[in-house]
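Everything below concerns the one structure shown next.
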Amino acid sequence: MDEKRFVVALFGLAVALVAGYVAYRFVAPLTVAVFLYYSTRRFYHRLERFRLPARVRAVVSLSVIGLPLIGLVSYTLVLLVLEARRFIEQYPVADTIGAENSVIADLAELSNPTMDELLVAYRSGQFDPLIDLVSEQASLLASTLSGLALNLIITVIVTYYLLIDGSRFHDWLLSFDDDAIVREYLETADAELEAVLYGNLLNVIAISIIAVATYLGFNAVASAAVEIPYPTLAGAITGIASLIPVIGMKIVYIPLAAAMSVPAALDGEVALLAYVAGFLAVAVVVVDTIPDIVLRPYFSGETTHVGLLMLAYIFGPVVFGFHGLFLAPIILVLALTFVDTALLRLLGVEPDPGPEIPEGQRRLNEF
């Protein structure tokens, strides 16, 4: 009997090692899936009032997050292409590069291409340098795109089934309960993870709204020469950039200020730089500082220390890569919850029940 148990335990250990290795290889999409799960779970449960099936609610919850994000990325790429084309038409890029037969020079000649002009340019060999460049980097491009597609599919599938079967997984974990320690730890960690990760989503939405309102308000009073290009898009990207620790929103509003100030300086309109300085001051105070001081503590969870959470956001990407932005807060919450709920009991120390209720004082649940 002992030999059979040993064989079963050895097989279970081998399966656990293989599963751990697979999870390690795909830790980035799995981490993002956990973030999306906790970000959409409240919305998923609130859809129950409409008596929708679980699968429909899961699809709707993912669409609320996914479709706006896909639309934002697509809109940004289209604007980048249009702005790059306008930049090539307005400024002598090809002359600056100094290559008469460069790809930029060939493409600059096609300022307003039609299908016939594109066909003629292809037959004349104008696209040959570009085709050669793409062919040389085809394997890298293919591997990058396939990797992104695979990670996206894994993220969507894992999030979808976490929304549908998350309660079953929770009940399965509780089957290992021992003296209520496991139950208390899992329930506390689950609630705190939802508070922290859902708070991230709320923080992004709130800062996006503040940034859009600020940028539109600036364009309403500023001179046309120094207006913010695409203020709604810039505000949405500012909200997303707030997830990045330390630099955060600065990677958006500082380049915006530079983009506004360079044309004014080149045209000799130095007085317009006062608007740019005012924009920077407003962005630092209204968009960056005040939300970070006022909103982030409310969106940082119920028990997790704000300072430790900020350190997790800083150290996470450094240690784990970009997905550490979501993985480090998860690890922090699991560790702190374990210390607060399970560690003391495992050491034989009962947690502090709090202040004693004076004799004769009635409890709230007695009313």
Can you pull out every residue in the stretch 322-341 that is farther than 20 Å from Val204 by Cβ and either open to solvent by 20 Å² or more (accessible area, probe 1.4 Å) or within 22 Å of the chain's Cα centre (by Cα) (or both)? Ile331, Leu334, Ala335, Leu336, Phe338, Val339, Asp340
Of the residues in the stretch 4-36, how many are of a type in the set (D, E, K, R) and either within 34 Å of the chain's Cα centre (by Cα) or open to solvent by less than 40 Å² (accessible area, probe 1.4 Å) (or both)? 1
If I ask for residues that are among the β-branched types (Val, Ile, Thr) and farther than 15 Å from Ile331 by Cα, which ones from the stretch 18-38 would you list? Val18, Val22
Condition check: at pLDDT below 85 and not basic (Lys, Arg). Does Asn219 satisfy that? no
Among the residues of the stretch 226-239, the number that are under 16 Å from Leu273 (Cα atoms) and surrounded by 20 or more Cβ atoms within 10 Å (Cβ to Cβ) is 2
Can you name every residue in the stretch 175-204 that is loosely packed, with under 13 Cβ neighbours inside 10 Å and either of a type outside the set (Ser, Thr, Tyr) or touching a helix residue (DSSP H, G or I) at 6+ places or on another chain (Cβ under 7 Å) (or both)? Phe176, Asp178, Asp179, Ala180
So if I check each of Ser261, Ser208, Ser223, Ser242, which one is over 24 Å from Val294 (Cβ atoms) and buried (at least 19 other Cβ atoms within 10 Å of the Cβ)? Ser261
Counting only residues that are under 22 Å from Val78 (Cα atoms) and touching a Phe, Trp or Tyr at 6+ places or on another chain (Cβ under 8 Å), the stretch 228-256 contains a total of 9
Kindly list, by first and then second residue, each pair from a residue in the stretch 283-302 that is hydroxyl-bearing (Ser, Thr, Tyr) to a residue that is modelled with pLDDT of 75 or more, limited to pairs with Cβ atoms under 6 Å and residues at least 6 apart or on different chains. Ser300/Gly199; Ser300/Leu309
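The values are calculated or read from the model by the stated rules, or taken from the named source; none is laboratory data. Predicted, not measured: the structure shown is a model, and the values here were computed from it. Because the Cβ atoms are built from the backbone with ideal geometry, glycine has one as well, and the counts that use them run over all protein chains shown. For accessibility, only protein heavy atoms count, side chains too; no ligands or nucleic acids. Shrake-Rupley method; radii C 1.70, N 1.55, O 1.52, S 1.80 Å.
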